Amino acid sequence: MAWRDRLLDPYDPELRRRVLLGAVAWTGSVAIAAVLGAMLSLGAVAAVMVVADLDRDGVADFREQLDGTSPWLRDTDGDGLSDGVEADLGTDPLYQDSDGDELDDGVEVRWAGTDPLRADSDGDGWSDGEERWRRHTDPTLADTDGDGLTDTQEAELGLDPRQKDTDGGGVADGLEQARGTDPRNASDDLGTRVVNQCSCATGASPVGLAVPAVALALALARRRRRA
């Protein structure tokens, strides 16, 4: 049989074998191409997911899904700090008040100047929120009025932690406490104030200054009598 006749003969075993092999090869090529295309597509999608940041908060969407934050919201917990900033600070992007001190993380960082990871930023024994909302003292200073006593010490003594001189006698509460006078009684401040002013001005001993002061007062009194 001529080769042309064999090419057109559907019953020729050789022709059928070649057609079958060709079909298998073509099907395999198509399948391999489909698999490779799918892998490339998945790889591209995965790459996009890893680097994409739809809400532009500085955290990749893939990471946000793992952390439980929203890839659609810059500030998932609504505390005033973006999720990316919270990741840098170490605060909780899912909770407005990470340290539980009654001040939102954003308030502490942007306004109050307190530590969003410490409930008591100044270490005086009162939480930042208590100082801000109820005590009205400075949560960044253990001694708000600078009188030498911490805010909690003054509260325990019945003094005003916002007034350096609670009794208005002219001597700071901390100095009165150190000298044994009553920081709630202005009547015992006069002697302490005079001696303290002399000591600070000259650096001399209060006892040594007392005698010349008395002598000067007596001399002035005698001069007035003669006049």
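What follows draws every value from the coordinates through simple rules; no lab data is involved. Predicted model, so just to flag it, every value in this text is computed and none were measured. Positions of Cβ are generated from backbone atoms using ideal geometry, with glycine treated the same way; all protein chains shown enter the neighbour counts.
Could you tell me whether any residue of region 160-171 is closer than 30 Å to Gly84 by Cα and either charged (D, E, K, R) or outside any loop (DSSP other than H, G, I, E, B) (or both)? Break it down stepwise before answering.
Step one: list which residues in region 160-171 are closer than 30 Å to Gly84 by Cα, which gives none.
No, region 160-171 contains no residue that is closer than 30 Å to Gly84 by Cα and either charged (D, E, K, R) or outside any loop (DSSP other than H, G, I, E, B) (or both).
Is it the case that Gln153 is crowded, with 16+ Cβ neighbours inside 10 Å and within 20 Å of Asp75 (Cα to Cα)? So that I can check it myself, show each step before the final result.
On the way: crowded, with 16+ Cβ neighbours inside 10 Å: yes; within 20 Å of Asp75 (Cα to Cα): no.
No, not satisfied.
For region 85-106, how many residues are small (Gly, Ala, Ser) and surrounded by fewer than 20 Cβ atoms within 10 Å (Cβ to Cβ)? Explain how you work it out, then say what you get.
Step one: of region 85-106, the residues small (Gly, Ala, Ser) are 87, 90, 98, 100, 106.
Okay, now just the ones that are also surrounded by fewer than 20 Cβ atoms within 10 Å (Cβ to Cβ), so 87, 90, 100.
Adding up the residues that qualify gives 3.
Given the criteria surrounded by 15 or more Cβ atoms within 10 Å (Cβ to Cβ), closer than 30 Å to Asp57 by Cβ and not polar (S, T, N, Q), does Pro161 qualify? Spell out how you get there, then give the answer.
Numbers: surrounded by 15 or more Cβ atoms within 10 Å (Cβ to Cβ): yes; closer than 30 Å to Asp57 by Cβ: no; not polar (S, T, N, Q): yes.
Here the answer is no, as Pro161 does not meet what is asked.
Out of all the residues in region 116-151, which are in contact with a Lys or Arg (Cβ under 8 Å, 6 or more places away or on another chain) and either touching a residue at least 40 places away in the same chain (Cβ under 8 Å) or in a loop (DSSP other than H, G, I, E, B) (or both)?
Within region 116-151, Trp126, His136, Thr137, Pro139, Thr144, Asp145, Gly146, Asp147 qualify.
Would you pick out the residues in region 72-102 that are in contact (Cβ under 8 Å) with a residue 24 or more places away in the chain and either in contact with a strand residue (DSSP E or B) (Cβ under 7 Å, 6 or more places away or on another chain) or of a type in the set (A, V, I, L, M) (or both)?
Within region 72-102, Leu81, Val85, Ala87, Leu89, Leu94 meet the criteria.
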